[in-house]
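Readers should treat all values here as calculations from the given coordinates under stated rules, not as data from a laboratory. Since this is a predicted model, take the numbers as computed values, not measurements. All Cβ positions, glycine included, derive from the backbone under ideal geometry; neighbour counts span all protein chains shown.
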Amino acid sequence: MQTLPSPSASTDFDMDDWRSGYRSQPNEYAYEIEDIDGKIPAELEGTLFRNGPGLLDIAGHPVHHPFDGDGMITAISISEGRAFFRNRFVRTEGYIKEKAAGKPLYRGVFGTQKPGGPLANAFDLRLKNIANTNVLYWGDKLLALWEAAEPHRLDPQTLETLGLDDLDGVLKSGGAFSAHPRIDPSCDRTKNQPCLVNFGVKTGLSSTITLYEFDPKGRLVHTHQRNIPGFAFLHDFAITPNYCIFFQNPVGFNPVPYLAGVKGAAECIQFNAKQPTRAIVIPRDGTSPIQTIDLQPCFVFHHANAFEADGKLYLDSICYQEFPDLKGAENYLEADFSRIPEGQLWRFELDLATETSQAKCLIERGCEFPDLNPQHVGRPYRYLYIGVAHRPQGNAPLQAVMKHDLTTGQEEIWSFAPRGFAGEPVFVPRPQGTAEDDGWVLGLFYNAERRCSELAILDAQHITQGPIATLKLPHHIPYGLHGHFMQNLVFNA
Ligand SMILES: [Fe+2]
């Protein structure tokens, strides 16, 4: 491991090392983690839930893109300095049917096709809800999320799949529910209790966004629906006390290759650099008019945070110069990183009075998967935690975790390079802590040297000192997507 990347680093990872993190993990485990370097902080109590593709093949047929892999939940429960591990696949209808059939039965959104070529795939427009994007505990329910359909409810202790969940009748059958809910730490409608804010989008020639707000018991307290013109690829959004903010990426959708059984739906997205990206600002009151502000053209999957200050809206987002598809590579494992744009963190200042914007780049180093102190969601904040590339310029896999001080611009990095690969860092506040950065950063990373995954626990105030504890799993977890830490919810094996 290295703490300070060399500015001249150009060969900081090996492609075979990187690829080896994309092996299917068909096994399901439950055990106490015995191999620990360092010491787990005594005050750290709760469970880290993570979601991501557990299978990169379907009965031996490789998926075309990891985003098409079946969802597998990982839970690492920490209490009194000990840690218990459990992983389990979400038993979606598709997972069960394909296991029984021993072959792919569905097309994937990101290009996975059924065997048999275009004839076997044309006009098969069914969606396989693969439940692989995020996992969240809210209203006494553990939910595996996938943006185009309902969540799957899981048993938080055993991770057993309990079935599709319509959120007590809120969602219609097959109703979209984004995998990026935001938790407002203090919401007027819930008498200053937290509330869960989320959306579902239905898109085509125009798009309908449905917004939902739930109280801590999981009861719907507010919903409203807004229409916007044009096709909208909306993976994430940001909130403030008064607004929900979306970026409508400058993309079109040509359905012909999808209908013809040649490409997946997401492969039919076309970036148009001549169009602006549009900030869609929707007041949370449900009645005030939407405002639309044009921005520089860029593609955004994820927003870090938003806040209101000085009569303006500020939004921190991971921007790509264009849609970061595989740029013609036959296979994601053969992706040429130098041809794919890297994500960079930009701050957008939106002036709602004049409907104008300004933007500046805050992190040039390739980055993704931002997180922050949950008490600052939608509020002014100082510290951002984010996965970054080891090399300072250009695109490369995430191999490090960065703490970025948004006030001073100071960056602190801990890198797992050359053989470690990082994912989403999760900030966990210290109980009774008051400073914004008083807590820990948890990151599940893949150690290609051991071909196993490890959970690193870093002191958020001393990132450059490296992990204070490393929990070494005796197997790997394929590179994952998103998750949460649920304080005080613990289980043992
Ligand atoms: Fe995401």
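For the reader, a short list of remarks on this structure follows.
- Positive-end ranking of L444, P392, I413 along the dipole of segment 354-493, with charges on Cβ about the Cα centre, is headed by L444.
- Dipole magnitude of segment 47-188 about its Cα centre (Cβ charges: Lys, Arg +1; Asp, Glu -1), debye to nearest 20: 520 debye
- Residues H152, H235 arranged by fewest to most Cβ contacts within 10 Å: H235, H152
- Positive-end ranking of T161, Q113, T133 along the dipole of segment 15-487, with charges on Cβ about the Cα centre, is headed by Q113.
- Fully extending the segment from T464 to F123 would add 117.5 nm, taking 0.36 nm per residue of separation and subtracting the current Cα-Cα distance.
- Candidate lysines for bridging to K103, where Cα separation is under 16 Å - those fewer than 8 sequence places away on the same chain excluded: K114, K128
- Stokes-Einstein translational diffusion, segment 1-135 - Kirkwood Rh over all Cα pairs, 0.890 mPa s, 25 °C, in µm²/s: 140 µm²/s
- Within the chain: Cβ-based charge dipole about Cα centre, in debye rounded to nearest 20 (Lys, Arg +1; Asp, Glu -1): 1080 debye
- Computed FRET value (nearest 0.05) for R82 with D438, which takes r as the C-beta separation and R₀ as 22 Å: 0.45
- Gain upon complete extension [T407, E43; 0.36 nm per residue less C-alpha separation]: 128.2 nm
- Restricting the calculation to Cα atoms, segment 449-493 shows an Rg/Rh of 1.00 when the hydrodynamic-style radius is the Kirkwood one.
- Here segment 362-472 yields Rg over Rh of 0.96, to two decimals, using C-alpha coordinates and the Kirkwood radius.
- Span from the segment 346-362 Cα centroid across to the segment 189-266 one, whole angstrom: 21 Å
- Length, then width, then depth: along the principal axes, the Cα atoms of segment 97-168 run 45, 23, 18 Å.
- Partnerless cysteines, meaning none of the other Cys C-beta atoms lie under 4.7 Å away, in the chain: C244, C268, C361, C367, C452
- Kirkwood hydrodynamic radius (C-alpha pairs) into Stokes-Einstein, the chain, 10 °C and 1.306 mPa s, D in µm²/s: 69 µm²/s
- Distance from the C-alpha centroid of segment 48-72 to that of segment 427-450: 26 Å, rounded to the whole angstrom.
- Under Karplus coefficients 6.51, -1.76 and 1.60, residue-wise ³J(HN,Hα) of segment 283-297 in Hz, glycine/proline x: x, 6, 5, x, 10, 5, x, 6, 10, 10, 10, 6, 10, 4, x
- Here the relative contact order of the chain, from alpha carbon pairs under 8 Å that lie six or more residues apart, stands at 17 percent.
- Segment 177-236: C-alpha gyration tensor shape, a/c 1.5 cut-off, then a/b vs b/c: prolate
- Taking Lys and Arg as +1 and Asp and Glu as -1, the other residues whose beta-carbon sits under 9 Å from that of F301 total -2.
- As a rough footprinting exposure proxy, the listed residues D188, D70 were ranked by other beta carbons within 10 Å of their own, and the order from fewest upward is D188, D70.
- Taking all pairs of distinct alpha-carbon atoms in segment 198-295, Kirkwood radius in angstrom: 14.7 Å
- Highest mean packing comes first when the peptides 71-77, 444-450, 307-313 are listed by Cβ atoms within 10 Å, giving 71-77, 444-450, 307-313.
- If a spin label sat at a point 7 angstrom from the Cα of L205 along the line to its beta carbon, no backbone N atom of segment 171-197 would be nearer than 12 Å.
- Summarising the amide proton neighbourhood of F237: residues at separation of 5 or more, or on other chains, whose placed amide H is nearer than 5 Å comprise H303.
- Think of it as helices only: each DSSP H run of n ≥ 4 in the chain is worth -39500 (n - 2.57), and spread over all residues that comes to -1000 deg cm²/dmol at 222 nm.
- R0 of 30 Å, Cβ-Cβ distance T354-R189: FRET efficiency to nearest 0.05: 0.50
- Furthest towards positive pole of dipole, T190, G38, G54, structure part the chain, Cβ charges: G54
- L127 long-range amide H proximity, modeled H, under 5 Å: none
- Neighbour-count ranking [beta-carbon atoms within 10 angstrom, fewest first] of C187, C268: C268, C187
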